[in-house]
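As structure tokens, the structure follows; a few thoughts come after it.
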Protein chains: 2
Amino acid sequence: METPVAEAEPARRTRPARPARRDNAAKIAGVPYIVRNIPTYDILGEENLVRIERVADRILSEVGIEFRDDPASLDHWKRAGAKVEGVLVRFEPGMLNEIVSAAPSQFTQHARNPARNVEIGGGNVVFSPAYGSPFVMDLDKGRRYGTLEDFRNFIKLAQSSPWLHHSGGTICEPVDIPVNKRHLDMVYSHVKYSDRPFMGSITAEERAEDSIDMARLVFGHDFVDRNCVILGNVNVNSPLVWDGTMTKSLRAYARANQAAVIVPFILGGAMGPVTNAGAIAQSYAETLAGCALTQLERKGAPVIFGNFLSSMSLRSGSPTFGTPEPAIGSMVIGQLARRLKLPLRCAGNFSNSKRPDAQAMQEGVMSMMSAVHCGANFILHSAGFLDGLLAMSYEKFVMDTDFCGALHSYLAGVVVDDNTLAMDAFLQVGPGSHFLGCDHTMRNYQTAFWDSALSDNEPFEKWSEEGGSTDMAARANGRWKKTLAEYEAPPLDVAIDEALTDYIAGRKSSMADAWY
Amino acid sequence: METPVAEAEPARRTRPARPARRDNAAKIAGVPYIVRNIPTYDILGEENLVRIERVADRILSEVGIEFRDDPASLDHWKRAGAKVEGVLVRFEPGMLNEIVSAAPSQFTQHARNPARNVEIGGGNVVFSPAYGSPFVMDLDKGRRYGTLEDFRNFIKLAQSSPWLHHSGGTICEPVDIPVNKRHLDMVYSHVKYSDRPFMGSITAEERAEDSIDMARLVFGHDFVDRNCVILGNVNVNSPLVWDGTMTKSLRAYARANQAAVIVPFILGGAMGPVTNAGAIAQSYAETLAGCALTQLERKGAPVIFGNFLSSMSLRSGSPTFGTPEPAIGSMVIGQLARRLKLPLRCAGNFSNSKRPDAQAMQEGVMSMMSAVHCGANFILHSAGFLDGLLAMSYEKFVMDTDFCGALHSYLAGVVVDDNTLAMDAFLQVGPGSHFLGCDHTMRNYQTAFWDSALSDNEPFEKWSEEGGSTDMAARANGRWKKTLAEYEAPPLDVAIDEALTDYIAGRKSSMADAWY
């Protein structure tokens, strides 16, 4: 057979986001986000996409979704015309699609440094650190619970990398801070140690409100009402249940005109069907309902269509990460999200390894490539993810940010113009010679190739005799320490800093510590 | 912007090659080759492809290619109407395209076990071991020159993997055997220790002839004249030079109706332009000329359009492997090869790492994914490649074959049918429950997910307390030893075995040892 040929001419539709070449030891520069110059990788045709959408319609209309412990959500659904029986809500086909059509297909998330603003949606790609691990690990001290110091270290490492675009959210849980107060320290740390966009808390409605209030102190109340400055990542309790904690936080973000990221986490065979097509249909239905709820709370509020497919070892029952089925499924999710014209969060640098080893990068790269191929606009978990998201690894973090750098070159695609076609070089060099010093090479070599800061490209002898025969993990260990030692905080307006610390002091003194 | 949407409905055009689930410790089974159920990833549109082809036309007509030390090749070109001046040959635009149109778009390479025959071309994918390293390495003994024992070990490891389809060729150089005789031992070893298809020598015309003669002893003279049973991988001496050693071997394979693989190795900035589009145009021109020469030697002989793009560290001048520019360039090569309707060899599991570490798999996976995305039909270097092809690694070999297993699942794509859509499961399970024991899961779990034999998916505590806190390299070290210990040779007809050993004895006694 001849494999089908896609038609795509991305070079004519978008500008390449080729990063300027820089020394690997140089201070951060980089682009604020990537404008992709390669098409998405679309693996299903119209007929199969429609079949999946029709099953999602049937799930929504015949089975329904429960919205627990949040009467205001049920009121929204009743007013919108859904069938509400107790906490079970069922939706006529097409109803949710109509509601989400009010959401923007692309929006700006503002950073306190406007040069770091990101565009989320369309052909834009934003890399953000991993999110939510209780543990951290490094090669020196092994695994232990994360602390606020670790949390701040990861913000500093992210801020120091030219290849990330976003400061993320709960990069690791700072378990040394009470559960009901740590969101205050986390949001403050993002503002203090990074000048990039960031995420707030979603673990309780009041913590979401606190996060947004702190953003208002940074950006101003009116500005926040008109612009997105903070994201909140909310999870479906799959299958087909939205918990009140999540919908209340989701509505808090939407109400403030901030963007909720709507993410089912489906472990195939447990929280969804063991087959990809069914898991995708379920995920689509759950996300669509969450996205629609944001629009009922505030029509036109930004929202991100999110996804996190995973698989299971059927020998051990353990979840698996960075495996082929979720990677290939992500491409279908991307196609479906684009049919809804919603920005997409999908996949990331996932792994189940407990070390920054070959498994970590084999799984991570397969998964991360699916994120960029599927057209994800906001790629949470771009760096640091190990042990099935239970641990943030210092070494993996810098390996992953280095790989994010490679993806900047990858997403720049193949530029075809008179310069890159190099006809002048062929006429100058001719058969049997070399291109090392020709005019074309001299004109282009500085921007030609990605040059990793962590890969060893020396000859074996030099690597073994001068380089200490290191592996990448050992080099990464040295690199994160050097980066932290050299870190300098971006300047922060003193009045804003004081307003935030006053706010935090007030909130902390208003409630007793809670540890659950 | 909205990213362009490709139209592709591969599920309706091809049958999925979903492998049957098997225990990881089980004897080899697997499919003889993969029939892809996902489209190729096409990143350039018609206009840019034509621009690259037009530059290739100009290279061929204005600059030309030298064919050195092979007057018979020059005679072919003269008869075909090319402009020959000394050893420089120039071609009118379209001339070579017309000549290669006689080559088959797909052909069968026969194995001595017919159940292992492979289809090369179309939507088929064949994984073959890496090729050509002088060194081997493992975690116990480090790096040393390869021997015939190593060579045979890698054949045995390949034969034992259900995820490779081909026995390869010069997997490593057996440097303990004289240069002018080692091809005899290599071809014999492929026949003796594997029942899969394999490759012969190309380092001298008489060694190519020996390889083909030995294949005739296995398959019969007439059968070989009518069918492809052996491949020869020939390299362009880029830029724009074909050496006589290579063209004589190329013609020997074509004359015998066997398939030459035509491969430029272009290190951008050295043997070709430092920009991707120009390197692609050059590579296309060089390969097209080689493919055409096979058709002038014997019209209709099978031939494979090959490619090996690489990049360079402009800090150190070292070649780099597994980097983003060659990976993305491979997708364009694939589009161009399909326009010629020729089977494609492109990319592989490349790395510059000197260890089976995170770098090895980060680079390897990026590169190997490009091979499957670009539509490569024959993927040489699917397993074992380290240190920029200078060393075959025992550990990386089994890591890579495991990853080839994952790619079987990846290339099976997302199957969309009533079973996989799982509507019955949603109706049975409903909101808030789980799918672990539902009918749909019980019906599908055995074939649901790829289960790696090398990734550790256990919880951290079990991994550290019972599993010895291993990394993937350590597990791979145990696995290749166990596999070799359990290896059993496939049965070989005694008469064929004797004919081969007699042939080798006769050839070896006919010439003195040569070590260069």
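Rule-based calculations on the coordinates, nothing more; no lab input. From a predicted model like this one, the values you see are computed outputs, not experimental measurements. As a convention, Cβ positions derive from the backbone with ideal geometry for all residues, glycine included, and neighbour counts pool all protein chains shown.
What to note about this one:
- Tail fraction, Cα-Cα pairs, the range B:46-113, threshold 16 Å, whole percent: 59
- Note that the range B:265-271 has calculated 3J(HN,Hα) couplings of 10, 10, 8, x, x, 10, 8 Hz, one per residue in order, obtained from phi through the Karplus relation 6.51 cos²θ - 1.76 cosθ + 1.60 (θ = phi - 60°); glycine and proline are x.
- With label points set 7 Å from Cα along Cα→Cβ, the inter-copy distances at residue B:494 are 9.8 nm, sorted shortest first.
- In order along the range A:325-341, the Karplus-derived 3J(HN,Hα) couplings, from 6.51 cos²θ - 1.76 cosθ + 1.60 at θ = phi - 60°, round to 5, x, 4, 6, x, 4, 5, 6, 4, x, 4, 5, 5, 5, 5, 8, 6 Hz, and Gly and Pro are given as x.
- Hydrodynamic radius of the range B:164-244 per Kirkwood, over alpha carbon pairs, in Å: 13.5
- Translational diffusion coefficient (Stokes-Einstein; Kirkwood radius from C-alpha pairs) of the range B:46-201 at 4 °C, 1.567 mPa s, in µm²/s: 68
- Counted by Cβ distance under 12 Å from residue A:100, the other residues give a net charge of +2, where Lys and Arg count +1 and Asp and Glu count -1.
- Label point 7 Å beyond Cα along the C-beta direction, distances from residue B:79 to other copies (nm, shortest first): 8.5
- Under a 5 Å amide H cut-off, with hydrogens placed 1.01 Å from N, residue A:386 pairs with A:391, A:393 among residues at least 5 apart or on other chains.
- Top positive-direction residue, dipole computed over the protein assembly as shown with Cβ charges, set A:398, A:100, B:168: A:100
- For the pair the range B:187-255 / the range A:464-516, the C-alpha centres are spaced 60 Å from each other.
- Segments B:161-169, B:476-484, B:494-502 sorted - mean Cβ within 10 Å per residue, highest first: B:161-169, B:476-484, B:494-502
- Integer Hz, Karplus 6.51/-1.76/1.60 couplings in order for the range A:427-438, x for Gly and Pro: 5, 7, 8, x, x, x, 9, 9, 9, 4, x, 6
- For residue B:320, residues with placed amide H under 5 Å, excluding near neighbours: B:311, B:312, B:313
- Protection proxy ranking, peptides B:462-468, B:213-219, B:234-240, average beta carbon neighbours within 10 Å, highest first: B:234-240, B:213-219, B:462-468
- Both numbers refer to the Cα atoms of the range A:124-194; Rg and Dmax are 12.1, 38 Å.
- Value of relative contact order over chain A, rounded to a whole percent, pairs C-alpha under 8 Å and six or more apart: 18
- The range A:315-380: proportion of alpha-carbon pairs further apart than 16 angstrom, %: 46
- Paramagnetic reach from residue A:149 in the range A:487-503 [backbone N under 13 Å; point 7 Å along Cα→Cβ]: none
- Nm distances between copies for residue B:461, ranked from closest, using label points 7 Å along Cα→Cβ: 5.2
- Helix A:358-373 axis, angle to chain A major axis (alpha carbon atoms, nearest 10°): 70
- nm² value of the averaged projected area, convex hull over the Cα atoms of chain A: 27.4
- Angle between chain A longest axis and helix A:148-160 axis [Cα atoms, degrees, rounded to 10]: 50
- Binning the alpha carbon pair distances of the range B:466-516 at 5 angstrom intervals from zero yields the distribution 4, 13, 11, 11, 10, 10, 13, 10, 7, 6, 3, 1, expressed in whole percent.
- Using only Cα coordinates, the Kirkwood hydrodynamic radius of the protein assembly as shown works out to 29.4 Å.
- Principal axis box of the range A:303-342, alpha-carbon based, largest edge first, Å: 39, 18, 12
- Based on the Kirkwood approach, the hydrodynamic radius assigned to the range B:289-444 is 18.3 Å, with every pair of different Cα atoms included.
- If R0 is 41 Å, the Cβ-Cβ spacing of residue B:453 and residue A:464 corresponds to a FRET efficiency of close to 0.85.
- Amide H contacts of residue A:172 (H built 1.01 Å from N, in plane; Pro and chain starts excluded): A:132 sit under 5 Å, all sequence-distant by 5 or more or on other chains.
- Residue-averaged 222 nm ellipticity for chain B, from DSSP H runs of 4+ at -39500 (n - 2.57), nearest 500: -13000 deg cm²/dmol
- Spatial separation of Cα centroids for the range A:353-407 and the range A:308-342, in angstrom: 15
- Across the cross-link table entries A:181/B:462; A:156/A:354; A:156/A:341; A:192/A:341; A:78/A:299, which are compared at the Cα atoms, the separations over 27 Å belong to A:181/B:462; A:156/A:341; A:192/A:341.
- Compared with the dominant principal axis of the Cα atoms in chain B, helix B:494-509 is inclined by about 40°.
- Tail beyond 20 Å, pair distance distribution of the range A:395-516 (Cα, percent): 71
- Just so you know, the averaged projected area of the alpha carbon convex hull for the range B:429-474 sits at 4.9 nm².
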